[in-house]
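Laboratory data are not the source of any read-out in this text; all were calculated from the coordinates shown. None of the values given here were measured: they were computed from a predicted structure. When we count neighbours, we look across all protein chains shown, and the Cβ atoms used for this are built from the backbone with ideal geometry, even at glycine.
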Amino acid sequence: MAIEEIEMTFDNGPVDRKVESLVAEATRQQDEFYGEGLGLRYPKYVPSDPRVVCRAIKFLKEGGHLQGDVFCEWGCGFAVASGIASLLGMKSYGIEIEDELYDRATRLMEHLELPVEIIQSDYLPYGFDEIEEIGGKELVITRHQSIAPEYGDLNPEDVDLFFVYPWPDQEEMMIDLFSAVSEKGAVLLMYQGEGEISAFLND
């Protein structure tokens, strides 16, 4: 199956009031996180721009680019994108392996009364690994073909929209992972920093 980029166009207009409330509470809790010095302990946690993510998800939903309503955020941190997807009517999952971030994401979703399931797992399911190569990370698949990848009870083949904010040297690897675990018709939404965001279709 080929991976094709989806051309996205959306304005910078206001987002829904409930999304703004989520962003405000998440920002408050993120400020506490950094104020406690935990950003040094978890340097890979860098939040994306939630309003840009919200507009992109809405564009994909309203433009008919999604086959269904199952959303999965790889490396969810505080699960802000997962919460936004839930507010936009998706069945939402966040994948987070770090204890502290998993706990904070779970508490934030409970506080906001959002039905987001936070799964404590690596975004690389069993049988997948990443190695350092010249030019960036590279995906390695070691699993037997008969063993389906999964995140707890979530089968990635059931996911309609994945979201990830990778480091620049992980971008190609994340596209390879998406290609390996998703079904035809699934979409990967990738935040790339500084308000840049891209979407890819598994075609």
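Overview of results
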| quantity | calculated |
| --- | --- |
| The range 35-70-the range 94-172 distance, computed between alpha-carbon centres (Å) | 14 Å |
| For ILE131, ILE119, ILE57, order by how many other beta-carbon atoms lie within 10 Å, fewest first | ILE131, ILE119, ILE57 |
| In range of the label at ARG41: residues from the range 77-101 whose backbone nitrogen is under 19 Å from the point 7 Å along Cα→Cβ | 77-79, 96-101 |
| Computed lengthening from VAL140 to ALA180, 0.36 nm per intervening residue step minus Cα-Cα distance | 13.4 nm |
| Estimated FRET transfer efficiency when R0 is 35 angstrom, pair LYS58-GLU100 (beta carbons, to 0.05) | 0.70 |
| Rounded to whole Hz, the Karplus (6.51, -1.76, 1.60) HN-Hα couplings of the range 156-171, x for glycine and proline | x, 5, 8, 7, 8, 9, 9, 9, 8, 10, x, 5, x, 7, 9, 4 |
| Nitroxide proxy distance, nm - points 7 Å out along Cα→Cβ at ASP69 and SER198 | 3.1 nm |
| Placed amide H near GLU150: partners under 5 Å, 5+ positions off or other chain | TYR126 |
| GNM top mover of GLU73, GLU133, GLU98 - the chain, alpha-carbon springs below 10 Å | GLU133 |
| Backbone HN-Hα couplings from phi across the range 4-16 [Karplus 6.51/-1.76/1.60, Hz, Gly and Pro as x] | 10, 6, 9, 6, 10, 9, 8, 8, 9, x, x, 9, 4 |
